[in-house]
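Enquirer: The structure's right below; bear with me while I get my questions together.
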Protein chains: 4
Amino acid sequence: MQNSSRTGRPRSAAADAAILEATREALVELGWSKLTLQDVATRAGVAKTTLYRRWAGKNELVVDAVAALFDELELPDRGSLAADIEGVVLQFAAILDRPEAKSGLMAVMTESTRDDALRERIRTSIVARQKRLVLAGRARATARGELPPAADAGEAARTVDLIFDMVAGAVLHRTLVSARPADEEWVRGFTRVLLGGLTAPATRPWPSQKPGGSV
Amino acid sequence: MQNSSRTGRPRSAAADAAILEATREALVELGWSKLTLQDVATRAGVAKTTLYRRWAGKNELVVDAVAALFDELELPDRGSLAADIEGVVLQFAAILDRPEAKSGLMAVMTESTRDDALRERIRTSIVARQKRLVLAGRARATARGELPPAADAGEAARTVDLIFDMVAGAVLHRTLVSARPADEEWVRGFTRVLLGGLTAPATRPWPSQKPGGSV
Amino acid sequence: MQNSSRTGRPRSAAADAAILEATREALVELGWSKLTLQDVATRAGVAKTTLYRRWAGKNELVVDAVAALFDELELPDRGSLAADIEGVVLQFAAILDRPEAKSGLMAVMTESTRDDALRERIRTSIVARQKRLVLAGRARATARGELPPAADAGEAARTVDLIFDMVAGAVLHRTLVSARPADEEWVRGFTRVLLGGLTAPATRPWPSQKPGGSV
Amino acid sequence: MQNSSRTGRPRSAAADAAILEATREALVELGWSKLTLQDVATRAGVAKTTLYRRWAGKNELVVDAVAALFDELELPDRGSLAADIEGVVLQFAAILDRPEAKSGLMAVMTESTRDDALRERIRTSIVARQKRLVLAGRARATARGELPPAADAGEAARTVDLIFDMVAGAVLHRTLVSARPADEEWVRGFTRVLLGGLTAPATRPWPSQKPGGSV
DNA sequence: GGCTAAGCGAGACGGTACGTCAAGTCTTGCA
DNA sequence: TGCAAGACTTGACGTACCGTCTCGCTTAGCC
């Protein structure tokens, strides 16, 4: 990545930022399918060639443009696991409510169903980076005694994945499919179910022993 | 709908079926973005104009083509709420695992972020029709005594919506974003959490007593 | 043509006239290239099928529609050959000045460059029928003593053809290419040259004596 | 015309020639109405878009393609006005006998009946450029004493226009409408009439005095 | 401080798909 | 059986965007 030859004119650093910003702007105004690279280039005051020199195409560009949106997610300590979850879910819902996130994220996810490289790029650029939130929340709750310590690493990883699927999936579905706001009331209900499920004694997920499948 | 004029040559009924089938076939082979209406028309043995006479465009066509896939979802009585949920979630996951469902559903959902008519079409053609499963499962579980009767109609509707968002969302995310199989193990874990949350006494969603109702 | 079987519903006679009139009307408004058979059918209050049952296509229809325009050409006796020619040339120019004649006639002539059947149809329907004017004018002038009698039939035919080419060609070119009016002044000048050439003693066309017959 | 911006990739000069040549070739093989721009593009080894970037449509393209054909007309000194006229008329007839000239020229003339811009383009690209021949022939004949000097500029212009209409019109009509060859015999007859008319003493065109309309 | 390699804006280029339109044929039901 | 209505196949239209390419110009870094 850093091997770019030393000679020649260096790439304009400002261009990158302008392009990503222009991409988000175009996503808001036009949506994914009407967004054209020429339009993005014009908005950014840049030639189309410059764009292609840095990204392979529309998909890659939009992944990068959208990824930045999720970096602002934070997990301040709100005193309880329930409050922490509610807080981050609301933040997540707020981001997903922005048109550029909706259009852009869904579109690249769609394309990724036929493009493994793109899916990997999404997972590393967006999804994996946000798992930190789940991990941080879990650690904090464990320290508080709200959750038992993980029995082993495998179970911990599976639980994190499950939680991530449930949180992100429910908010995505609520916002994009049901097209209704993931507002405070909905988030509170969701959190109760999620947290209730995670802490219900008899139904703790994946007990190491699976005696009779009595579940 | 029934107002089609009496005169003139009637539309070929066979063409509709052939077109929808060809659309699914093309989705499997090409995915959304590479699918062209000319290709669909050729596969269906039909002229492109016939396609445009019946659907406004790619989006509408794919919605209809994909909607049929979900009609095969059923909710056989497996004896317990947990087993019922696991069964239907697995069915849902199996459908979503098909390439035509993945590409097609995600794509029209993406477009629907900028097109209210399309979103409505999706909701009525696909989503609403499957809520019957949640309602049937709830009724059956209530009859079994596994769930308390709904306190009132509003709460019931909200709970149905929440469950639908959680179930469909989690499977979608697992399948499309995490790109890992929603297999039996995952489904079992998911069901435990969901069911635990729904039945956990202290965290029953939206308890009817809420003194200030300020939420 | 007259062999239509006795059984079944007879063809509407009124339809033919309505269709031809509608064709001329459409030619005026739209010109050749924008004229559609569906539009003609609609104007005539007739179904497209009816049209195709009677004409093979646009070309044939327009030939028939335009041919009628030229039937109104007449050659009243104006007292002298020059006056007769001027009169008929002005009439011809007047017809060619109508949009339907311009567009229609030129277009079918264009098509006829690649379609021998169409060219023949034009020649018999339009051109040959108007040669009567040249013949009548020649006979009248010969009777008046303005022109010498034809030496033989071959020469007469050649002269008629030449005059027809010169008259029709000059008016066509003036009207369609030069796009300037073939008005009285122009017609007078043209007639002088034509008539002067035809009667000039030393340059009488095709003098019968031509020793070597090398032509 | 010379304002083409300095930036950007310059247009391929070779493409223009290839396209015009391909257009003439396609005209020969297919005629006007069957000629498609895609076919021309393919023959020229060029994309359809390149065609549309340079010409507004079929009409404009064919005007340019056909115009070049007429540039080869010349007026070598053959010793007498009659011989000069015969020579150039034969040349003109030879060009018009080519299928691409027939189809192309007629077609654009047809379209020009409804399109003033196109007619103007034809007049400037084709017609006006060939009037040089009439002017040169007239000058040469005047120098030889075969024609009297023009009385005034207005009369000269009118005479040139008239001669052009007569020559071009007669050849056009002979070739395209009568569909018979404008061969040497026909040309000699035509030239005799034309020249006889132009030089006949009593019928010199447009004498300044118009006493009694006795013509 | 000039050389040089790369970046850059502009825009032409070969492609591909779009959505529309007209030509000409075929299939209904009514008269 | 003629006819109006209109669905059908076919194929060209003109447009838009893709991703590549060729220009001439700019700009930084190294010699």
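The values are calculated or read from the model by the stated rules, or taken from the named source; none is laboratory data. Worth saying up front: this structure is predicted, and the values here are computed from it rather than measured. In this analysis, Cβ positions are derived from the backbone assuming ideal geometry, glycine residues included, and neighbour counts consider all displayed protein chains. Note: accessible area is taken over every heavy atom of the protein model, side chains too, but ligands, DNA and RNA are not part of it. Shrake-Rupley method; radii C 1.70, N 1.55, O 1.52, S 1.80 Å.
Enquirer: How about region C:12-83: which helices (runs of 4 or more DSSP H) wholly inside it have at least 1 residues that are acidic (Asp, Glu)?
Expert: C:13-34, C:37-44, C:58-67
Enquirer: Name the residue, out of A:ALA56, A:ALA41, A:ALA82, that is hydrophobic (A, V, I, L, M, F, W, C), within 11 Å of DNA strand F (Cβ to nearest atom), more than 18 Å from B:THR110 (Cβ to Cβ) and in contact with a Ser or Thr (Cβ under 8 Å, 6 or more places away or on another chain).
Expert: The match here is A:ALA41.
Enquirer: Select from region C:94-108 the residues that are of a type in the set (A, V, I, L, M) and open to solvent by 10 Å² or more (accessible area, probe 1.4 Å) and write down the one among them that is modelled with the lowest pLDDT.
Expert: The selected residue is C:LEU105.
Enquirer: When you go through (1) open to solvent by 10 Å² or more (accessible area, probe 1.4 Å); (2) within 16 Å of DNA strand E (Cβ to nearest atom) one by one for D:LEU61, which number turns out not to apply?
Expert: Condition (1) is where D:LEU61 drops out.
Enquirer: Of the conditions (1) away from DNA strand E (no atom under 16 Å from the Cβ); (2) within 23 Å of B:GLY169 (Cβ to Cβ), A:ARG78 fails just one. Which one is it?
Expert: Failing condition for A:ARG78: (2).
Enquirer: Within region A:9-19, does at least one residue satisfy the condition of being at pLDDT below 95, within 13 Å of chain B (Cβ to nearest Cβ) and open to solvent by 50 Å² or more (accessible area, probe 1.4 Å)?
Expert: Scanning region A:9-19 turns up no residue that is at pLDDT below 95, within 13 Å of chain B (Cβ to nearest Cβ) and open to solvent by 50 Å² or more (accessible area, probe 1.4 Å).
Enquirer: Another question, then. Please indicate, with yes or no, whether at least one residue in region A:168-186 is crowded, with 17+ Cβ neighbours inside 10 Å, at pLDDT 90 or above and away from every other protein chain (no Cβ under 13 Å).
Expert: Within region A:168-186, not a single residue is crowded, with 17+ Cβ neighbours inside 10 Å, at pLDDT 90 or above and away from every other protein chain (no Cβ under 13 Å).
Enquirer: Could you tell me whether D:THR49 is away from chain C (no Cβ under 14 Å), surrounded by fewer than 17 Cβ atoms within 10 Å (Cβ to Cβ), among the hydroxyl-bearing types (Ser, Thr, Tyr) and more than 8 Å from DNA strand E (Cβ to nearest atom)?
Expert: So D:THR49 does not fit the description; no.
Enquirer: Restricting attention to region B:111-121, which residues are buried (at least 22 other Cβ atoms within 10 Å of the Cβ) and either outside any helix (DSSP H, G or I) or touching an Asp or Glu at 6+ places or on another chain (Cβ under 9 Å) (or both)?
Expert: B:SER112, B:THR113
Enquirer: For B:ALA150, which of the numbered conditions (1) under 15 Å from B:ASP84 (Cβ atoms); (2) without any contact (Cβ under 8 Å) to a residue 40 or more places away in the chain; (3) aliphatic (A, V, I, L, M) fails to hold?
Expert: That leaves (1) as the condition not met.
Enquirer: What do you reckon, is C:THR124 within 16 Å of DNA strand F (Cβ to nearest atom) and assigned to a helix (DSSP H, G or I)?
Expert: Criteria not met by C:THR124.
Enquirer: Here is a list: D:ALA13, D:ALA17. Which entry is within 15 Å of DNA strand F (Cβ to nearest atom) and without any contact (Cβ under 8 Å) to a residue 12 or more places away in the chain?
Expert: The unique qualifying residue is D:ALA13.
Enquirer: So A:GLN91 passes all but one of these: (1) open to solvent by less than 10 Å² (accessible area, probe 1.4 Å); (2) assigned by TED's automatic domain parsing to the domain that holds A:HIS173. Which condition number does it fail?
Expert: It is condition (1) that A:GLN91 fails.
Enquirer: In region D:141-167, what residues are hydrophobic (A, V, I, L, M, F, W, C), within 12 Å of another protein chain (Cβ to nearest Cβ) and farther than 30 Å from D:LYS58 by Cα?
Expert: Across region D:141-167, the qualifying residues are D:ALA157, D:VAL160, D:LEU162, D:ILE163.
Enquirer: Pairs under 7 Å by beta carbon, first residue away from chain B (no Cβ under 13 Å) in region A:112-140, partner of a type in the set (D, E, K, R), six or more apart or different chains?
Expert: Partner pairs satisfying both residue conditions: A:GLY137/A:ASP84; A:ARG140/A:ASP77; A:ARG140/A:ASP84.
Enquirer: Considering each residue of region C:136-157, count those that are open to solvent by 40 Å² or more (accessible area, probe 1.4 Å) and under 18 Å from C:LEU195 (Cβ atoms), and give that number.
Expert: Residues flagged as open to solvent by 40 Å² or more (accessible area, probe 1.4 Å) and under 18 Å from C:LEU195 (Cβ atoms) within region C:136-157 amount to 12.
Enquirer: Take B:ARG24 and decide whether it is away from chain A (no Cβ under 14 Å), within 11 Å of DNA strand E (Cβ to nearest atom) and of a type in the set (D, E, K, R).
Expert: Spelling it out, it is not the case that B:ARG24 is away from chain A (no Cβ under 14 Å), within 11 Å of DNA strand E (Cβ to nearest atom) and of a type in the set (D, E, K, R).
Enquirer: Looking at (1) within 16 Å of the chain's Cα centre (by Cα); (2) under 30 Å from C:THR142 (Cα atoms), which one does C:LEU81 not meet, given that it meets all the others?
Expert: (1)
Enquirer: Further question: In region A:19-40, what residues are among the polar types (S, T, N, Q) and over 13 Å from A:ASN59 (Cβ atoms)?
Expert: If the condition is that a residue be among the polar types (S, T, N, Q) and over 13 Å from A:ASN59 (Cβ atoms), then A:THR36, A:GLN38 are the ones that fit.
Enquirer: Another one. Every residue in region B:27-46 that is near DNA strand E (Cβ under 8 Å from one of its atoms) and open to solvent by 30 Å² or more (accessible area, probe 1.4 Å), please.
Expert: B:LYS34, B:THR36, B:GLN38, B:ASP39
Enquirer: So for region D:72-81 (the condition being at pLDDT below 95, within 14 Å of chain C (Cβ to nearest Cβ) and surrounded by fewer than 19 Cβ atoms within 10 Å (Cβ to Cβ)), does at least one residue qualify?
Expert: The answer is yes; a qualifying residue exists.
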